[in-house]
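A.B. asks: Questions regarding the structure given below will be posed in turn.
We did not get these values from a lab; they are worked out from the coordinates using the rules stated. Everything quoted here is computed from the prediction, not taken from an experiment. Cβ atoms come from the backbone with ideal geometry, glycine included; neighbour counts cover every protein chain shown.
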């Protein structure tokens, strides 16, 4: 994957432990839980449109690593226009 925009990650037991903790806290989408746990454990931002996940994170007072497409445009360095 070019451009340094993406990073391949390898899940570890801490990520799965955190994902299961989120499940026990009430968020039942394990794929979201694994992605979110990966973002917190690996210090990454998670690009998503998932408003339920965002609401859950806010309600539980968890670290917000989520990034919406609207925020992505403002978070990215400016690309020169040709």
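A.B. asks: What is the gain in length, in nm to one decimal, between residue 52 and residue 68 on full extension, counting 0.36 nm per residue of separation less the C-alpha to C-alpha distance? Don't skip to the end; give the middle numbers.
C.D. replies: Details: separation 16, 0.36 × 16 = 5.76 nm, distance 1.28 nm.
Full-extension gain reported as 4.5 nm.
A.B. asks: Please give the contour-minus-distance gain from residue 45 to residue 23: 0.36 nm per residue of separation, less the Cα-Cα distance, rounded to one decimal in nm.
C.D. replies: Numbers: separation 22, 0.36 × 22 = 7.92 nm, distance 2.02 nm.
That works out to 5.9 nm of additional length.
A.B. asks: How high is the relative contact order of the stretch 13-64, in percent, counting Cα pairs under 8 Å that sit 6 or more residues apart?
C.D. replies: Numbers: 36 pairs, mean separation 14.4, N = 52.
Relative contact order of the stretch 13-64: 28 percent.
A.B. asks: Based on the mean of other beta carbon atoms within 10 Å per residue, what is the order of 32-41, 60-69, 8-17, most packed first?
C.D. replies: 32-41, 60-69, 8-17
A.B. asks: I would also like to ask the following. What translational D, rounded to a whole number of µm²/s, comes out for the stretch 13-64 from Stokes-Einstein when the hydrodynamic radius is the Kirkwood one over Cα pairs, at 4 °C and 1.567 mPa s? Numbers along the way, then the final one.
C.D. replies: On the way: Rh = 10.8 Å.
Estimated via Stokes-Einstein, D reaches 120 µm²/s.
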